[in-house]
1. All but one of (1) modelled with pLDDT of 85 or more; (2) under 13 Å from the mean Cα position of the chain (by Cα); (3) closer than 19 Å to residue 97 by Cβ hold for residue 57; which doesn't?
2. I'm told residue 102 meets every condition in (1) modelled with pLDDT under 90; (2) polar (S, T, N, Q); (3) under 15 Å from the mean Cα position of the chain (by Cα) except one. Can you identify the failing condition by its number?
3. Say whether the condition of being modelled with pLDDT of 80 or more and in a helix (DSSP H, G or I) is met by at least one residue in segment 10-17.
Amino acid sequence: MVDGAEVSPAQRIYESSFRGASVERTLKEIEVGTSTTTFNPDRDRERKEKLNMRKLKTLTSEVDFYRDKFRGAMPTCVRNRLSRLEDVINAKTAIYEEALKND
């Protein structure tokens, strides 16, 4: 617990692994989200946290799968899922790039 607030497992991993302003900023984008895909920001944050625990390869393959499956009209839930996946992929790649710069 930090300042009386409960810390998510994903946030704890990233805070212990990486230090830096850009990493913290990308983590906040995952948690807070500049564009929420649902009307409930807490639910959206929880879904992004769950996606953040998965490997980058599985996330990109899932995006490819949905893009191939839904070529024309796409249900709203699939659009929201793709939006969440893209947000997490962008944040993860930024974190990986920052880690590679530091090495």
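The values are calculated or read from the model by the stated rules, or taken from the named source; none is laboratory data. A quick note: this is a predicted structure, and the numbers were derived from the prediction, not measured. Don't worry about glycine lacking a Cβ; one is built from the backbone with ideal geometry, like all the others, and counts go over all protein chains shown.
1. (2)
2. (3)
3. Looking through segment 10-17, none of the residues is modelled with pLDDT of 80 or more and in a helix (DSSP H, G or I).
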